[in-house]
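Below is one structure, written out as structure tokens; comments come after it.
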Amino acid sequence: MGQPNKDNDLVLDIAGLSIVSLHQHGAQPLLKGLTLRLRRGEILGLIGESGAGKSTLGLAALGYQRTGCKYDKGVVRFDNLLLHSGDEKTLSSLRGVRMAYVAQSAAAAFNPVHRLGAQITEAARCQAALSRREAERRMVSLFRRFDLPEPERFGDRFPHQASGGQLQRAMIVMAMLCEPQLIVFDEPTTALDVTTQIEVLATIKRNIRAHSATSALYITHDLAVVAQVADRIMVLKDGMLVEENDTKALLTKPQRPYTKELLSVYQVGRKRGGGKKKGRGVLLRGEGLDASYGDGARILEDVSFGVSEYEVLGVVGESGSGKSTLARVVTGLLPSREGSLWLGGEVLPRRLKRRSKEQLRRVQLVSQIPDTALNPRQKIGEALGRPLSYFFPQRTQAERERRLGELLSSCELDSRLTNAFPAELSGGQKQRVCIARALAAEPDIIVCDEITSALDRLIAKGIVNLMLELQEKLGMAYIFISHDLGLVRAISDDMMVMQGGKILSYGAASGIEKSEDAYTQKLLRSVPQMRVGWLDEVLQKRG
Amino acid sequence: MAVFRLLATRVFWGVVCLWVISVLIFSATELLPGDLASVVFGQAKTPEAVESLRKELGLDRPPQERYLEWLAAAARFDFGRSLATQRPISQLIGKRLQRTLLLALTTACMAVPLALLVGMLCTLWRDSTFDRAVNAAAIVVISPPEFFTGYFLAFFFAVKLGWFPAVMLTTPSMSFAEIVHAIFLPCVTLLFACFGHMMRLTRAALISVLEDPYIETARLKGLSNRRILLVHALPNAIAPIANVVVINLAYLVVGVIVVETVFNYPGLGKLMVDSISSRDIPVIQACSLIFATTYIVLNLTADLISLLANPKLRHAVAT
């Protein structure tokens, strides 16, 4: 099959590859003539935002197309075999043995009804690449190398008996079992908390980079992450190559504006000084808050905080830290069991139903996923009109219309969108509508619960900047909840770090690195930094 | 363990359900105009005769008392005597229940494996001519009511072609092959009624599982389509499939009423229909209770299968 390569070191050679997605209205290009070369032992980073075609490219490297996607033209050559025209039988015999895939969410990518060990050794056994005993022996030794608990018995667990980080490492074990020539990592750490991410990154770095026979494609939207593992980076946008360079050169001397933009997402911050805040009263105060769902375990334990006017209180924590529960308690969606809330000088009732209209108006919420926060059958104008007529019934129709226009323009939305349904909007636009809806109530404080985590970095940056501009203009306070420590630290006045429902450290955001709390320090160390060698330094420090 | 607690809860509610049904059955017959005594005498009743029979049957006692007595007896499979024949109902039912179960089980043995197999093949060859043809055929045979299908089949295969009998009579001396031959047409009628439903839901359940991310993982491990379907998709589709299969099994036992009448088959369904026309109330009560129990037991089985198919319930999270 195919002509022999001149370059014997070339594992993967993709030339002019085009792939289209099939729609009712014809074909839409996903990849537009992409060319990629991967040498033996090399790790190539593919970076881009959603829709860039990086997953499509990664899967095409394995000769695989998702349902609804179709090969158009170009060549995919793997070790002198033509994959784009290969029959299923040839491809099947390569997959799992000579080339492997590590999916984004290992929790979803493992079959829930089978034990991990059986799934990990399955490809090797079914394709008779290894004997069962040999496969199991290798699996256990990889478990041991990857620091998985009880390596001898870890394979007996079902997926739900392992944590997210363990599953992701188990998935890498599965990929590496037959010592493949190519591994495609598709956002392998995106679904993980930062402290878990660093473990998985370390695993990849130690084991793949050390293993010169294995090459890898590393797909991610996070430049700081890919900078730690990749030798070379390709930046993709809309199915085309934007820029390609060695990792170090790309980070330090980006050529294209889009690459520069991607690099700049790590630089958000507030222009204003901290001085303005002085002399202002405490707006919202919580004391000794305890909360749980039903009679279950306590999700919040003795949480106290205060937010002044025109202040941003950042709340940082990993999944299960109770940070979203705090948002629910503050907004009254989940009445706290113990403790109390004050808004201005008055007690804020725990239950939503007990709160007065005025209290409801003053505290607004913007949540993580705008899709579920907007009624799909309500036009944008109706969604925004509702708080206007509910909170300000005394205003005339003309006043409300004018206000609606103001809200849209202040959130940088086209006024024609009033007649659109949520489905017609992009993710970023939808989140802007949610922000506009919160603003419609003219609140004193907005609780922002992970408002950027469902969005691409560039769009998220736009949202954060918008929030900061609005604050500058309107002067309300924010409780800004996020898992992204770097972001929270950059925009908050005060911040608190939560874990297991407790506050571990609380104080000025500028002084967070001085915190004596061990977990806070670990979190600070785990946030990837946009420079080559950051991971090595962290690992070295740990010894 | 979590599974046992869940199971115990399900069984408890099953029993409660059964009890509620027994109350309903008893009170429904109680509410019918005229009691047993007046029914027995029909047009020729004299008040004295009715009164003496009422005493004899114990109908002059309060209904709660009679309900408890009836329930206690029913729990020991003693349903009293039939008014029409004066024979013990348990004797009457025993044989007929056997015949009904024979019909239902024979149908189930054909329908369930066939529906699962065809459902899987349709999934494997999704959108192929086979898939389309089978789906269209399933709709066609499931749509007409059973009495229509039954008479239609009887007309062609019994009257026109003479291959199978139109009326089923089974005797203890018949060999197995003869019995199958005798009950073939009603079996096929029932099969038509439930096959399409099971097949289409098996296909739908499997296709929905095939969208899951772990199926893509399996494909990228280079596994064969057959292995992906059988080893990776099927175990995850067991709960919905078990549910539809069990609902159809319950339907087979309960739904035989129409088919037994069409083919004049002396099963439980036919007995119930006959008892209704002769107002043999104790028999109606007994049959209803048996049908209800079947339904509840089968549904419990579906719950049990779904619970056991879920590894999260079978294996607790490791600590």
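The values are calculated or read from the model by the stated rules, or taken from the named source; none is laboratory data. A quick note: this is a predicted structure, and the numbers were derived from the prediction, not measured. Every residue, glycine as well, gets a Cβ built from its backbone with ideal geometry; the counts of neighbours run over all protein chains shown. Keep in mind that these areas ignore ligands, DNA and RNA; they rest on the heavy atoms of the full protein, side chains included. Shrake-Rupley method; radii C 1.70, N 1.55, O 1.52, S 1.80 Å.
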ask   = Stretched out fully, how many nm does the piece from A:E472 to A:L352 gain, at 0.36 nm a residue minus the Cα gap?
value = 40.3 nm
query = How much of the accessible area of chain A, probe 1.4 Å, is carbon plus sulfur, in whole percent?
reply = 47
remark   = So A:S453 and A:S319, fully extended at 0.36 nm per residue minus their Cα-Cα distance, gain in nm 47.0 nm
message = Could you put A:R98, A:R209 in order of accessible surface area, largest first, with the 1.4 Å probe and the full protein assembly present?
response = A:R209, A:R98
request  = Note down the accessible area of A:K237, probe 1.4 Å, to the nearest 10 Å².
outcome  = 80
key: Probe 1.4 Å - accessible area at B:E69, Å² to nearest ten   = 100
query = What total accessible surface area, summed over both chains, is buried at the interface between chains B and A, computed with a 1.4 Å probe and given in Å² to the nearest 100?
reply = 2200
task = Report the relative contact order of chain A, percent, no decimals, based on alpha-carbon pairs under 8 angstrom and at least 6 residues apart.
result = 15
remark   = On the formula 1/(1 + (r/R0)^6), with r taken between the Cβ atoms of A:D536 and B:M110 and R0 of 56 Å, the FRET efficiency rounded to 0.05 is 0.25
task = Rank these by accessible area, largest first, 1.4 Å probe: A:Y218, A:Y71, A:Y390.
result = A:Y390, A:Y71, A:Y218
key: Acute angle (nearest 10 degrees) that the helix A:457-474 long axis makes with the longest principal axis of chain A, alpha-carbon atoms   = 10
task = At 7 Å along the Cα-to-beta-carbon direction for both B:S175 and B:F147, put a label point, then send me their distance in nm to one decimal.
result = 3.7
request  = Set Lys and Arg Cβ to +1 and Asp and Glu Cβ to -1, take the dipole of the protein assembly as shown about its Cα centre, and tell me which of A:A509, A:G45, A:G63 lies farthest positive.
outcome  = A:G45
remark   = In deg cm²/dmol, rounded to the nearest 500, the helical mean residue ellipticity at 222 nm of chain A, built from -39500 (n - 2.57) for every DSSP H run of length 4 or more, is -10500 deg cm²/dmol
ask   = Distance in nm between label sites at A:E338 and B:L24, each 7 Å beyond Cα in the beta-carbon direction?
value = 4.8
request  = State the percentage of accessible surface on the range B:174-225 attributable to carbon and sulfur atoms; use a 1.4 Å probe and exclude ligands, DNA and RNA.
outcome  = 63
note = Under 14 Å by backbone N from the virtual spin label 7 Å along Cα-to-Cβ at A:K379, the residues of the range A:411-450 are A:415-424
ask   = What is the spin-label model distance, in nm, from B:E51 to A:K253 if the labels are put 7 Å beyond Cα along the C-beta direction?
value = 11.9
Extension gain, A:E152 back to A:R125 (0.36 nm per residue minus Cα-Cα distance, nm) = 7.8 nm
task = Could you provide, to the nearest whole Å², the per residue accessible area of the protein assembly as shown with probe 1.4 Å?
result = 46
Angle between chain B longest axis and helix B:89-124 axis [Cα atoms, degrees, rounded to 10] = 20
query = If you line up the long axis of helix A:194-210 against the longest principal axis of chain A, both from Cα atoms, how many degrees apart are they, to the nearest 10?
reply = 20
inquiry  = Once R0 is set to 22 Å, what does the formula 1/(1 + (r/R0)^6) return for the Cβ-Cβ distance between A:R133 and B:R227, expressed as a FRET efficiency to the nearest 0.05?
reply    = 0.55
Sequence of B:V273, B:V259 from largest to smallest accessible area, 1.4 Å probe = B:V273, B:V259
task = Quote the relative contact order of chain B in percent (integer), defining contacts as alpha-carbon pairs under 8 Å separated by 6+ residues.
result = 27
